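Participant: A single structure is presented below for examination.
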Amino acid sequence: MKELTVRGFDAFTQEHAEIATEVPTQAWVHVAWRPEGPQGEFKLAAERDARAKNRKAQSSQDAN
């Protein structure tokens, strides 16, 4: 989950597994419909652009 999130994908864990005898080395991946908005590198780029835009706006306000 951490590696997916770091790479810009939405990921989460489930509190209770559906299978009672869960094996610790086993991972279940559920692929759902495409979420709204960017994912992966596009999401990371969008977040970087938003931070840069916010910094620029903050700098303009500080200059005034």
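Participant: Cβ contacts < 6 Å: first residue surrounded by fewer than 10 Cβ atoms within 10 Å (Cβ to Cβ), restricted to the stretch 7-19; second residue at pLDDT 65 or above, any location; separation 6+ or different chain. Result?
Facilitator: Qualifying pairs under 6 Å: Thr13/Met1.
To keep it simple, each residue is scored yes or no on (1) touching a Leu at 6+ places or on another chain (Cβ under 6 Å); (2) assigned to a helix (DSSP H, G or I); (3) modelled with pLDDT of 75 or more; (4) more than 25 Å from Met1 (Cβ to Cβ).
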site	(1), (2), (3), (4)
Thr21	no, no, no, no
Thr25	no, no, no, no
Val29	no, no, yes, no
Phe42	no, yes, yes, no
Ala46	no, yes, yes, no
Gln58	no, yes, yes, yes
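Participant: Continuing with the same structure: So Lys53 ticks every box in (1) surrounded by 10 or more Cβ atoms within 10 Å (Cβ to Cβ); (2) modelled with pLDDT under 75; (3) more than 15 Å from the chain's Cα centre (by Cα) but one. Which box is left unticked?
Facilitator: (2)
The values are calculated or read from the model by the stated rules, or taken from the named source; none is laboratory data. Quick caveat: nothing in here was measured; it's all calculated off a predicted structure. All Cβ positions, even for glycine, are placed from backbone atoms using ideal geometry, and neighbour counts span all protein chains on display.
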